[in-house]
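Encoded as structure tokens, the structure appears first; notes follow it.
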Amino acid sequence: MNKINWLILLVCFSIFLCFGSIAICLPATAVLRQHHENSGVLHYHAHSSLRDKQGMTWQVILFPEYQADIITKYHLRLVGFPGIAEFIHPQPLEIITAKGEIFNAADLNAVSSPAPNVGEFDLTDILPILPEKGSLKLSTILQNNGDLSLKIPESILIEWKLLAREVS
């Protein structure tokens with residue numbers, strides 16, 4: 001091969017590596033996941049990882065609560081990095097739609113919390129009336145860090161709505 005062919009091959013390979021690494025590094029969206037709660041019984045939840053406006057990563061998990069295999073409640077659990085984020089209990093979670101509608105989700109950890117960096121909120125009555133399209137903003141006040149503000153993109157909202165339809 002002459003130098004021009006090698007150069008063309010090198011450029012093509014470089015382009016392939018650049019686009020391949022971009023595809024691999026794209027941010028993840030929510031994923032419906034299965035887990036075994038009881039022997040032989042599968043349950044689903046939506047789990048995603050998002051960054052707040054300060055760049056801190058949060059785990060955002062929506063899951064149904066079952067009693068005798070009937071859904072009784074939808075929980076939204078927010079988990080921040082231990083030692084950095086601490087929730088104030090009881091403190092509601094404000095949910096703002098892209099159209100400006102505001103909903104308040106009750107704090108399910110008002111009496112006790114599994115850890116200071118975990119907040120859990122009741123979305124049972126709110127989930128069915130959230131819009132099918134658009135994004136959401138989740139907002140609450142944290143202990144020492146001021147406020148938590150997370151943007152929930154449309155792709156995650158779609159997953160939440162799918163979870164509510166599929167498991168009910």
*Just to be sure, is E154 within 19 Å of H47 (Cβ to Cβ), out of contact with any helix residue (DSSP H, G or I) (no Cβ under 8 Å at 6 or more places or on another chain) and in contact (Cβ under 8 Å) with a residue 12 or more places away in the chain?*
yes
*Within region 150-160, is there a residue that is part of a loop (DSSP other than H, G, I, E, B) and in contact with a strand residue (DSSP E or B) (Cβ under 6 Å, 6 or more places away or on another chain)?*
no
*Do you know which of the residues in region 72-101 that are assigned to a strand (DSSP E or B) and among the polar types (S, T, N, Q) is surrounded by the most Cβ atoms within 10 Å (Cβ to Cβ)?*
T97
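Quick check on my filter: what residues within region 58-71 are surrounded by 13 or more Cβ atoms within 10 Å (Cβ to Cβ) and touching a residue at least 12 places away in the same chain (Cβ under 8 Å)? If you could, list the steps in order and put the result at the bottom.
To start, the set of residues in region 58-71 that are surrounded by 13 or more Cβ atoms within 10 Å (Cβ to Cβ) comprises 58-66, 71.
If the condition is that a residue be surrounded by 13 or more Cβ atoms within 10 Å (Cβ to Cβ) and touching a residue at least 12 places away in the same chain (Cβ under 8 Å), then W58, Q59, V60, I61, L62, F63, P64, Y66, I71 are the ones that fit.
If you take the residues of region 109-149 that are part of a helix (DSSP H, G or I) and of a type in the set (A, V, I, L, M, F, W, C), which of them is farthest from Q59 (Cα to Cα)?
At the first step, the residues of region 109-149 found to be part of a helix (DSSP H, G or I) are 127-129.
Now narrow it down to the ones that are of a type in the set (A, V, I, L, M, F, W, C): 127, 129.
On the way: L127: 18, I129: 23 Å.
Here the residue is I129.
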*Those residues that are more than 20 Å from E154 (Cα to Cα) and either surrounded by 15 or more Cβ atoms within 10 Å (Cβ to Cβ) or not hydrophobic (A, V, I, L, M, F, W, C) (or both), I need them from region 102-112; list them, please.*
A106, D107, L108, N109, S112
*Which listed residue is at pLDDT 95 or above and either touching a helix residue (DSSP H, G or I) at 6+ places or on another chain (Cβ under 6 Å) or surrounded by 14 or more Cβ atoms within 10 Å (Cβ to Cβ) (or both), from L162, L138*: L138
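The values are calculated or read from the model by the stated rules, or taken from the named source; none is laboratory data. Just so it is clear, the structure is predicted and the values come from calculations on it, not from any experiment. Cβ atoms come from the backbone with ideal geometry, glycine included; neighbour counts cover every protein chain shown.
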